[in-house]
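Read the structure below first, then the notes.
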Amino acid sequence: MKKIEKRAWLCLLLAGALLLGSAAFVFRFVANGASWASYLPVFSGQPASGRVLDRDGDVLTWVDEGGVRRWYDSATVRTATLHAVGDAQGRIGTGALVAFADRLSGYNLLTGSYSPLGQGSDLYLTIDARYNYIAYQALNGRKGAVGVYNYKTGEVVCMVSTPAFDPANPPDIQDGDERYDGVYLNRFLSGAFTPGSVYKTVTLAAAIENIGELYERTWTCTGSTTVGDGTVTCPHAHGEQDIYAALSNSCNGVFALLAAEMGEDVLARYTDQAGLTASYSVDGIRTAAGSFALDGLTDNELGWAGVGQYSDLVNPCALMVYMGAVANGGRAAVPELVLRTENALGLPSLPSFTRQTGALIASDTAEALADMMRRNVTDQYGASRFPNMDLCAKSGTAEVGGGQAPHAWFAGFLRNADVPYAFVVLVENGGSGADVAGSVAAQVLDAVVNGY
Amino acid sequence: MLLQWLTDNPQFCAWFTTLVRFLFPILALMILIRTIHSLLTVPCLPEVWAYLTLPNGAQEPLTHWENILGRGGSSDVILNYPVVSRQHAALIRRAEDTWTAYDLGSKGGVTVNGKAVEGSAPVQYGDVVALGGVETVLLPLSPEEKAQRRQRRREHRPVSPWLGLILLTLFQVLTAVQLTISEGENATVMIPLTFLLLTGVMWLYFLVLRASRRVGFEMETIAFFLSTLSLAITASSNTGELFKQFLCVALGLAGFLILGVFLRELDRAKRIRWLMAGAAIALAAVTLLPGVPTQYGAANWLTIAGISVQPSELAKICYIFAGAATLERLFHRRNLGLFILLTGAVLGCLALMSDFGTAAIFFVTFLVIAYLRSGDWATLALICGGGVFAVLTMLSLKPYILRRFATWGHAWQNASTGSGYQQTRTMASAASGGLVGVGPGEGWLHNVAAGDTDLVFGMLCEEWGLVIALLAVGSVITLAVFAVRACRAGRSSFYVIAACAATSMMVFQTCLNVFGAVDILPLTGVTFPFVSNGGTSMISSWGLLAFLKATDTRPNASFAIRLPSRREDRKNAALAPQAGEEWEVEHEEN
């Protein structure tokens, strides 16, 4: 009998496995419960309770007494806020209805998604529906993304991604429908695109710290510059220029030479430092990380990479944060989309603390870069287009090949203490950055800074 | 009338639901913690059946019905003499207090009163049993000592069941009301009536057994608690099946009693092992016979006169019965040949039905029994090798099974296909219940196919909360720990093997059910013992519990163990007068 008694440990082994597995489940339950629970409304088709409001308190979506989801009554506002709010089917994973479902339902570990009060919470987004409306109108049917945020507090006041649709009347979208290409993707948070010349702000930051006598140097642009064993071309000859003029002219030749001179390791280091290859957590939503294949390039390839071409890809949100860091002495606030939540009793959530990025750029360098970006506006883009704004910006016209028009970019920030905003505008295949994307930026910023 | 009042007062209903959500976990904890604690800390004082005097004058107690005598450290009575083999002889007690000595192929041989033992020979009290010339004498316990021992063991009595029973009754009443509320306007008297019957059956069982001087009720408390959850799950997902599920609880309880009483007599149990082996194969094979009506596309359901049963569930009980063996038999037939044959036949039938979850449960149970019987790693390794080969063969014949494993661990990436569909919905529902659950009958997961059976853990989490779901799992673990601890005071290896096999079966089945539902393992589609909605599964769970009950050798604890007659008891009490009556009186007060 003693023998069999000793062999009984095998049963304990099985019981131990059950115990261990249950512990693993409990761990997952505690760690991921909020995220798991957020899918139930999608699975069950019963909308999660709770209202989504913009920062001014405009109710963007709610569930009526019959358990049916309702939306704001302007179709354009609904479409313009689609990617911020989400759709009823939960296809837009970064929309508030999915991404913040736990806060909407008032999820907590103790009572799950069903609060004892039986009602959901009010979720105030940081965006202003009006800015979204203006940005959406300004994009005028073109695909792209617009983001504006306060680099001191992190509040994203405008976030639009197009194409979009009206969540109250979702279209029947067929695979391969050009009009709705990538419609469920929030291009601002989850996209990555060829940056073109906006990336020169990174190359320049590296050059300021690594190229001796940068400000004394001059270059002569003939429209085609030999870099390594090939050429790097500009749209037209820029003639003789110093570094200030090279930036405002956005001279590819000069920046390709600088990149080749510094080498890929230096460029890679500054790109990583700028946060362009990292992913941010925007209230728990992971942004897409950009990618820069700065490894094993020839000098010519490196030259093209240094002007934001070659295989460079950047995420619009990460670029906007970098702009904020340039404005803010090297560090910026990490973007946020949730202003606050109020539960059914009207009790507000605990205030969330603004998180700061690491040093994306050295403080002195940021100041020098900001001044040069200011000169872009005064010399090239036209300060009159941006009234009452101490605007610093860089345009980009990113060649995408395939016979398609280039992506138009416009990114920058305001140095005004009362409106500390950084922004990014991307118009896919939009053409000239300064004209097309710049005018979208002008309309949105005018609303943000000057009001109606 | 009450139903009408409930529909007229939605405000009260909302408050009630909110309140009981928090009350249920507290009640469940109060019901189970004492019970679980009592089972986990069972002192398991061994009983003494006789004494063996050694040449040096020492008296060794024989604490089991089956004792191995030898030089080896794992012998029950260690005789440290060079002439004694490691495992020399066995002394086995049969019914009516008769003993038999077995020569286990020793070098020195065994004699009883000087006569050499060929195989086995009966031993009377006072006889001299010599092992390789080392003489021992078998002596009975004096009646005084018997009485004293019984008394001493009684001091460690099981936890009183009454508080738990009253709390469980309250739990059932609240559950019935909450479920009726959740039905809204469709509410009928069906739910309160069925729960009333359950409570009645439960009290009847406790009172009848208490009247027959039984005091250990921990396992039954756990089983009734889990059965209550099962009825609630059934009411939530399919109220129409509620009464059927209750009938199965009653049937299971009856089976539990019959099997337990049957197991009291070891000889009787031993005799029908062959019958049970045959029954196991017959039950596993019956649905494969041509012309037998089956249901749900799967071939593991049998429909007789409108009643669907899963014979493979009942085969579990027969299989364990057939697999358990007394020590006597273990020495008589050392190899596992016939048992392997039985296992092969059962597994073959299950594989033909594509019921691989159940097949896996049988295989693990087989491993446990085989190890307990042989203790031989080499055999087990060989068997496992065979198992792997069988699985590979099957996969090559039925490659679609592999697809189940393709999404394993990636349920969220495959939320709309295959088992990922069910698993993601299980996890989403489970999480939305939080720690306290949304309230019985208020969940959503029952809308998903197999929500109340294979995914029942998700339903438990959603409607009852993580705390109660974990308590259900903890109850199963408790039974396993109890079975292992009870080995120490086990009377016969038959009971020990059966109990260990039964709990291993329940534990492994719970593993497959719980981990399959939440994507820690692939979804195999087996039931949670006691909890899942399913009649045959409920009956077989109660049946398996009988094997555990038969190892509970605490005095007066288990009905599956024969009590001394009242006359004998009175005689004992007279011999040890200091505590006898007192104990009875004291116990009545509880």
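The values are calculated or read from the model by the stated rules, or taken from the named source; none is laboratory data. Predicted, not measured: the structure shown is a model, and the values here were computed from it. So basically every Cβ, Gly included, is an ideal-geometry build from the backbone, and we count neighbours across all protein chains shown.
Which one of A:337, A:350 is within 30 Å of residue A:49 (Cα to Cα) and surrounded by fewer than 19 Cβ atoms within 10 Å (Cβ to Cβ)?
A:350
Go through the range B:385-410 and give me each residue that's assigned to a helix (DSSP H, G or I) and basic (Lys, Arg).
Within the range B:385-410, B:403, B:404 qualify.
Within the range B:355-408, which residues are surrounded by fewer than 14 Cβ atoms within 10 Å (Cβ to Cβ) and touching a residue at least 24 places away in the same chain (Cβ under 8 Å)?
Those that are surrounded by fewer than 14 Cβ atoms within 10 Å (Cβ to Cβ) and touching a residue at least 24 places away in the same chain (Cβ under 8 Å): B:398, B:405.
Find the residue count for the range A:260-278, including only residues that are assigned to a loop (DSSP other than H, G, I, E, B), of a type outside the set (Ser, Thr, Tyr) and under 17 Å from the mean Cα position of the chain (by Cα). Steps first, answer last, please.
So in the range A:260-278, the residues assigned to a loop (DSSP other than H, G, I, E, B) come out as A:263, A:274-278.
From the residues that got through so far, the ones that are of a type outside the set (Ser, Thr, Tyr) too are A:263, A:274-276, A:278.
Cutting the leftovers down to under 17 Å from the mean Cα position of the chain (by Cα) gives us A:274-276, A:278.
Residues that pass the stated criteria total 4.
What's the number of the only condition in (1) more than 7 Å from chain B (Cβ to nearest Cβ); (2) in contact with a Cys (Cβ under 6 Å, 6 or more places away or on another chain) that residue A:8 fails to meet?
(1)
Going by what's in this entry, would residue B:425 be described as among the basic types (Lys, Arg), part of a helix (DSSP H, G or I) and free of Cβ contacts under 8 Å to residues at least 40 places away in the same chain?
Considered against the rule, which asks whether it is among the basic types (Lys, Arg), part of a helix (DSSP H, G or I) and free of Cβ contacts under 8 Å to residues at least 40 places away in the same chain, residue B:425 comes out as yes.
β-branched (Val, Ile, Thr), touching a helix residue (DSSP H, G or I) at 6+ places or on another chain (Cβ under 8 Å) and modelled with pLDDT under 90 - does that describe any residue in the range B:575-586?
No: zero hits.
Go through the range A:39-59 and give me each residue that's within 7 Å of another protein chain (Cβ to nearest Cβ) and in contact with a helix residue (DSSP H, G or I) (Cβ under 6 Å, 6 or more places away or on another chain).
At the first step, the residues of the range A:39-59 found to be within 7 Å of another protein chain (Cβ to nearest Cβ) are A:39-40, A:43-44.
Across the range A:39-59, the qualifying residues are A:39, A:40, A:43.
For the range B:382-411: of the residues being aliphatic (A, V, I, L, M) and within 14 Å of chain A (Cβ to nearest Cβ), which is nearest to the chain's Cα centre (by Cα)?
Looking at residues that are aliphatic (A, V, I, L, M) and within 14 Å of chain A (Cβ to nearest Cβ), I get B:383.
Please tell me if residue A:36 is facing chain B (nearest Cβ under 7 Å) and either over 24 Å from residue B:432 (Cα atoms) or surrounded by 15 or more Cβ atoms within 10 Å (Cβ to Cβ) (or both).
Taking the combined requirement at face value, the residue satisfies it.
Given the conditions (1) farther than 30 Å from residue B:495 by Cβ; (2) under 30 Å from the mean Cα position of the chain (by Cα), which single one is not true for residue B:17?
Every condition holds for residue B:17 apart from (2).
Within the range B:475-505, restricting attention to residues that are polar (S, T, N, Q) and facing chain A (nearest Cβ under 7 Å), which residue is surrounded by the fewest Cβ atoms within 10 Å (Cβ to Cβ)? Quick ask: steps written out before the conclusion?
Within the range B:475-505, the subset polar (S, T, N, Q) is B:475, B:478, B:492-493, B:503-504.
From what is left, the residues that are facing chain A (nearest Cβ under 7 Å) are B:493, B:503-504.
Details: B:493: 25, B:503: 32, B:504: 29.
Top of the filtered list is B:493.
Just for helices (runs of 4 or more DSSP H) wholly inside the range B:319-379: which have at least 2 residues that are over 20 Å from the mean Cα position of the chain (by Cα), away from chain A (no Cβ under 12 Å) and of a type in the set (A, V, I, L, M, F, W, C)?
B:337-352
Under 22 Å from residue A:376 (Cα atoms), crowded, with 20+ Cβ neighbours inside 10 Å and in contact (Cβ under 8 Å) with a residue 40 or more places away in the chain: is that true of residue A:285 in this structure?
Details: under 22 Å from residue A:376 (Cα atoms): no; crowded, with 20+ Cβ neighbours inside 10 Å: yes; in contact (Cβ under 8 Å) with a residue 40 or more places away in the chain: yes.
Spelling it out, it is not the case that residue A:285 is under 22 Å from residue A:376 (Cα atoms), crowded, with 20+ Cβ neighbours inside 10 Å and in contact (Cβ under 8 Å) with a residue 40 or more places away in the chain.
With respect to residue B:182, is the statement that it is in a loop (DSSP other than H, G, I, E, B) and modelled with pLDDT under 90 true?
When the stated conditions are applied, residue B:182 does not pass them.
Consider only pairs whose beta carbons are under 6 Å apart and that are at least six residues apart or on different chains; among these, list those whose first residue lies in the range A:77-89 and is closer than 11 Å to residue A:164 by Cα and whose second residue is assigned to a loop (DSSP other than H, G, I, E, B) and not aliphatic (A, V, I, L, M).
The qualifying pairs are A:78/A:72; A:78/A:166; A:78/A:167; A:79/A:166; A:82/A:167; A:83/A:186; A:86/A:95; A:87/A:167.
Any chance the range A:60-74 includes a residue that's crowded, with 16+ Cβ neighbours inside 10 Å and either within 20 Å of residue A:189 (Cβ to Cβ) or within 14 Å of chain B (Cβ to nearest Cβ) (or both)?
yes
Only residues that are surrounded by fewer than 22 Cβ atoms within 10 Å (Cβ to Cβ) and in contact (Cβ under 8 Å) with a residue 12 or more places away in the chain: list them for the range A:377-391, please. Lay out the reasoning, then the answer.
Let us first name the residues in the range A:377-391 that are surrounded by fewer than 22 Cβ atoms within 10 Å (Cβ to Cβ), namely A:378-380, A:382-388, A:390.
Once the filter is applied, which keeps residues that are surrounded by fewer than 22 Cβ atoms within 10 Å (Cβ to Cβ) and in contact (Cβ under 8 Å) with a residue 12 or more places away in the chain, the range A:377-391 yields A:379, A:380, A:385, A:386, A:387, A:388, A:390.
Give the residues of the range B:17-46 that are within 12 Å of chain A (Cβ to nearest Cβ), of a type outside the set (A, V, I, L, M) and touching a helix residue (DSSP H, G or I) at 6+ places or on another chain (Cβ under 8 Å), sorted by residue number.
Within the range B:17-46, B:17, B:25, B:44, B:46 qualify.
Is there a residue being surrounded by 24 or more Cβ atoms within 10 Å (Cβ to Cβ), in contact with a helix residue (DSSP H, G or I) (Cβ under 6 Å, 6 or more places away or on another chain), of a type in the set (Val, Ile, Thr) and within 10 Å of chain A (Cβ to nearest Cβ) anywhere in the range B:448-462?
no
Going by what's in this entry, would residue A:398 be described as surrounded by 15 or more Cβ atoms within 10 Å (Cβ to Cβ), under 17 Å from residue A:145 (Cα atoms), in contact (Cβ under 8 Å) with a residue 24 or more places away in the chain and touching a His at 6+ places or on another chain (Cβ under 7 Å)?
Considered against the rule, which asks whether it is surrounded by 15 or more Cβ atoms within 10 Å (Cβ to Cβ), under 17 Å from residue A:145 (Cα atoms), in contact (Cβ under 8 Å) with a residue 24 or more places away in the chain and touching a His at 6+ places or on another chain (Cβ under 7 Å), residue A:398 comes out as yes.
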